[in-house]
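**Q** Take this structure first; my questions come after.
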Amino acid sequence: MMLPMQRVGLVGVGIIGRAIADTLLAANVPLVVHDVRAAAVDGMPPDVVGADVAAVAQRSDVVLIAVQNDAQCEAVIAEALGGCAAGTVIVVHSTVLPATVQRLSIAAAERGVEVLDAPVAGSGHEGIRDQSMWVLAGGPEPVVDRMRPFFARYSGRVLHTGEVGSAAALKLAHNLFVYLGYQAVRESVELARAAGVADGLLAEVTEASQMMSPSFRVYHDIYEHRSALSRNGGEDAERDLFATYAAVLDKDVRQAVALAAEHGVELPAAIALQGKGATTYAVD
């Protein structure tokens, strides 16, 4: 059940943000959104669209941030703090560096505003719509617990990871795990195909040896679908979606490498993957 007087703002109506917005609107949650791209809010009721970030913050008890990168996150929260009342909770769903969300949390605390570090993990926008997505929540446990009924609107589980920044670190490690797995499948399939192995045999053998996990099967099917789009063309929207995922891959891998360097950890495979998002994921 919604907490009393909980009004919700959302900044960033992209792939994940739009799924969250649609889910909340379907549940009649009081919502106001903003995105710098007018097309992102197409089809939404006019009274749901805020003129700017400050207007969203002024109308909200909870402000969700679902922008693309650290610079956008910092700019949005700086603007939001100009409109937030004391007691507002800002939820950072964006995947950013731990240091970024920690710095923003300190700035917000000076205004009596709480920041939760809350990236999501699961099957993308579909995981929001079917409520299988996990919210990884870093911040004070009482605040996380207070937000659990709200997060239940669009997630299957809330995992409290510790202090602010811990969820961002976990999400980067998670994404690196995913991207390296996808790269392993891609390279294996391309090697087999180039060497003349009949299509389907690699999948058959890896399934028999139990190396083809459910996740690797997903990666395999994504790769085959991406390859088919490259060969045969396809809908522009679908090709654009793969390009978006490729850009996110590059950003997350760079951030994982930066976080590793901060902690004195070597990630040779991640370093090799840096800058390869277009090759690995985008459609030519």
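The values are calculated or read from the model by the stated rules, or taken from the named source; none is laboratory data. Predicted, not measured: the structure shown is a model, and the values here were computed from it. Here the Cβ positions follow ideal geometry from the backbone for every residue, glycine too, while neighbour counts run over all protein chains shown.
**Q** Can you list the helices (runs of 4 or more DSSP H) lying wholly within region 201-284 that have 1 or more residues being of a type in the set (F, W, Y)?
**A** Output list reads 214-232, 236-262.
**Q** A further question follows. Among (1) at pLDDT 95 or above; (2) exposed (fewer than 14 other Cβ atoms within 10 Å of the Cβ); (3) touching a Lys or Arg at 6+ places or on another chain (Cβ under 9 Å), there is one condition D199 misses while meeting the rest; what is its number?
**A** Evaluating D199 over (1) at pLDDT 95 or above; (2) exposed (fewer than 14 other Cβ atoms within 10 Å of the Cβ); (3) touching a Lys or Arg at 6+ places or on another chain (Cβ under 9 Å) leaves (1) as the failure.
**Q** Sticking with this structure for a sec: Consider V120 against the criteria (1) β-branched (V, I, T); (2) touching a His at 6+ places or on another chain (Cβ under 8 Å); (3) surrounded by fewer than 19 Cβ atoms within 10 Å (Cβ to Cβ): it satisfies all of them except one. Which criterion is unmet?
**A** Status for V120: all satisfied but (3).
**Q** Do we find a residue being within 27 Å of A270 (Cβ to Cβ), among the aliphatic types (A, V, I, L, M) and at pLDDT below 95 anywhere in region 164-179?
**A** yes
**Q** Please list, ordered by first then second residue, the pairs with beta carbon atoms under 8 Å, 6 or more apart or interchain, first in region 259-284 and charged (D, E, K, R), second loosely packed, with under 12 Cβ neighbours inside 10 Å.
**A** Short answer, once both residue conditions are applied: none.
**Q** Out of V33, V56, V91, V62, which single residue is without any contact (Cβ under 8 Å) to a residue 40 or more places away in the chain and in the same structural domain as S155 (by TED's automatic domain parsing)?
**A** Sole residue among the options that is without any contact (Cβ under 8 Å) to a residue 40 or more places away in the chain and in the same structural domain as S155 (by TED's automatic domain parsing): V33.
**Q** Let me ask another. Among the strands (runs of 3 or more DSSP E) lying completely within region 22-137, list those that include at least 1 residues that are under 30 Å from H263 (Cα atoms).
**A** The strands (runs of 3 or more DSSP E) meeting that bar are 62-65, 89-92, 114-117.
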